[in-house]
Every structure is written in C-alpha cells, then in structure tokens.
1. Using the structure shown, decide if TYR78 is buried (at least 17 other Cβ atoms within 10 Å of the Cβ), under 26 Å from GLN23 (Cβ atoms), more than 12 Å from the chain's Cα centre (by Cα) and not small (Gly, Ala, Ser).
2. Would you mind finding the one in ASN13, ASN22, ASN18 that is more than 16 Å from the chain's Cα centre (by Cα), under 24 Å from LYS110 (Cα atoms), of a type outside the set (Phe, Trp, Tyr) and surrounded by 15 or more Cβ atoms within 10 Å (Cβ to Cβ)?
3. Suppose the filter is more than 21 Å from TYR119 (Cα to Cα) and of a type in the set (A, V, I, L, M, F, W, C); does MET86 pass it?
4. How many residues does region 49-59 hold that are touching a residue at least 12 places away in the same chain (Cβ under 8 Å) and open to solvent by 70 Å² or more (accessible area, probe 1.4 Å)?
5. Scan region 25-48 for residues that are without any contact (Cβ under 8 Å) to a residue 40 or more places away in the chain and open to solvent by less than 60 Å² (accessible area, probe 1.4 Å) and jot them down.
6. When you look at CYS87, is it in contact with a His (Cβ under 8 Å, 6 or more places away or on another chain) and either open to solvent by less than 50 Å² (accessible area, probe 1.4 Å) or of a type outside the set (D, E, K, R) (or both), yes or no?
7. Applying the selection to region 1-35, what residues are assigned to a helix (DSSP H, G or I) and small (Gly, Ala, Ser)?
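The values are calculated or read from the model by the stated rules, or taken from the named source; none is laboratory data. Computed from a prediction, not measured in an experiment: that's the story for all the values here. When we count neighbours, we look across all protein chains shown, and the Cβ atoms used for this are built from the backbone with ideal geometry, even at glycine. Surface areas here come from the heavy atoms of the whole protein model, side chains and all, with no ligands, DNA or RNA. Shrake-Rupley method; radii C 1.70, N 1.55, O 1.52, S 1.80 Å.
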Amino acid sequence: MDDKKKYMKEAINLASENLNNNQGGPFGAIVVKDGKIVGRGVNKVTTTNDPTAHAEVVAIRNAAKTLNSFNLEGCEIYSSCEPCPMCLGAIYWARINMLYYAGTKDDAAKADFDDSVIYKEFCLPKEKRFIPSSQMMRDDAVKVFEEWIKSDHKIPY
C-alpha cells in the first residue's frame, strides 16, 4: 500500500472509531509532514459543544501544537470527507500544501451533514443572506489596523 493510501486509511479509521465510540460525527483527519503524522483529529462537536471542532480543525490544531507553529507549510492533510467551508478556510489559513479527501460533500449531505446552504450563502449579497449583518464603528477598527501596520512587534502570517 502506498503512503497516500496508508494515510487516507488512517483518516477513515479515525472517523470509524469516532463513530463507534460515540464521540462525535463520522469524520477523521490527519496532518502529515515529511512522511510523519504530526496531527490527528476527529469530529468533537457534540462531545465538546464546540461547533468548530471538526476533524480537520482538530487535526490542524494538533499539528500546530506538535510543530510549534501556526504555519503548516510543507504539510498535507488527509480527510475522510471533503472539507466544509470552515475547514477549507482553516486549511488555507494554515498554509497546508495539499488536501486529500475520501467522501464528497454530496456523500456527507446524504448522511445529514449538508453544507450546501453555506456555499449558497457565500454567493449572495450580504443583505440577502440568512444571517443578517451590519457594519458599524469602522473608523475605530481601522485605527487598530493602522497601529498594527506601524507596530515593531507584529508577527506576519
């Protein structure tokens, strides 16, 4: 079995174990760097009451802690399912180089994990989205950005 299949099997096994242990949803993910697993994650939304505790986010947090870095360049992530919009955003923010996934978002939707409403919302103008939003106090917020720009203590990311 080649390494990619071995890593994907590990992600799928994590999803299966999580389901069988009744610890959360049927999702698993691993982060790999230089041929070594540096992060593992399973869906922990219901056990931690954390709506962001998806398998990919948990695996990224674990890898960042292991590598002592928020920048996961040089890493690959293997997910038992195509990532939702939040997880995909986290993968981009972490600067992971490659994403491999097994099940699709349509497979997840059939199991009542349907992200289609979120994808549709992103395409709508703000005023037509399901969750209303209102901008306020922009000038105050911009001042903080201006301070950041001038700061000698910033760590770019």
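1. Details: buried (at least 17 other Cβ atoms within 10 Å of the Cβ): yes; under 26 Å from GLN23 (Cβ atoms): yes; more than 12 Å from the chain's Cα centre (by Cα): no; not small (Gly, Ala, Ser): yes.
Considered against the rule, which asks whether it is buried (at least 17 other Cβ atoms within 10 Å of the Cβ), under 26 Å from GLN23 (Cβ atoms), more than 12 Å from the chain's Cα centre (by Cα) and not small (Gly, Ala, Ser), TYR78 comes out as no.
2. Numbers: ASN13 fails: surrounded by 15 or more Cβ atoms within 10 Å (Cβ to Cβ); ASN22 fails: surrounded by 15 or more Cβ atoms within 10 Å (Cβ to Cβ).
Answer to the selection: ASN18.
3. Details: more than 21 Å from TYR119 (Cα to Cα): no; of a type in the set (A, V, I, L, M, F, W, C): yes.
Considered against the rule, which asks whether it is more than 21 Å from TYR119 (Cα to Cα) and of a type in the set (A, V, I, L, M, F, W, C), MET86 comes out as no.
4. Narrowing region 49-59 to residues touching a residue at least 12 places away in the same chain (Cβ under 8 Å): 52-59.
Then keep just the ones that are open to solvent by 70 Å² or more (accessible area, probe 1.4 Å); that gives none.
The number of residues fulfilling the criteria is 0.
5. Narrowing region 25-48 to residues without any contact (Cβ under 8 Å) to a residue 40 or more places away in the chain: 35-48.
Those that are without any contact (Cβ under 8 Å) to a residue 40 or more places away in the chain and open to solvent by less than 60 Å² (accessible area, probe 1.4 Å): GLY35, ILE37, VAL38, GLY39, GLY41, VAL42, ASN43, VAL45.
6. Numbers: in contact with a His (Cβ under 8 Å, 6 or more places away or on another chain): yes; either open to solvent by less than 50 Å² (accessible area, probe 1.4 Å) or of a type outside the set (D, E, K, R) (or both): yes.
Judged against the criteria, CYS87 is a match.
7. Within region 1-35, the first condition is being assigned to a helix (DSSP H, G or I), and the residues that meet it are 3-20.
Scanning region 1-35 gives ALA11, ALA15, SER16.
Okay, residues lined up against (1) farther than 23 Å from GLY89 by Cβ; (2) at pLDDT below 95; (3) in contact with a Lys or Arg (Cβ under 7 Å, 6 or more places away or on another chain); (4) among the hydroxyl-bearing types (Ser, Thr, Tyr):
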{"site": "ALA11", "(1), (2), (3), (4)": "no, no, no, no"}
{"site": "LEU14", "(1), (2), (3), (4)": "no, no, yes, no"}
{"site": "ASN22", "(1), (2), (3), (4)": "yes, yes, no, no"}
{"site": "ALA29", "(1), (2), (3), (4)": "no, no, no, no"}
{"site": "VAL38", "(1), (2), (3), (4)": "no, no, no, no"}
{"site": "ASN43", "(1), (2), (3), (4)": "no, no, no, no"}
{"site": "ALA53", "(1), (2), (3), (4)": "no, no, yes, no"}
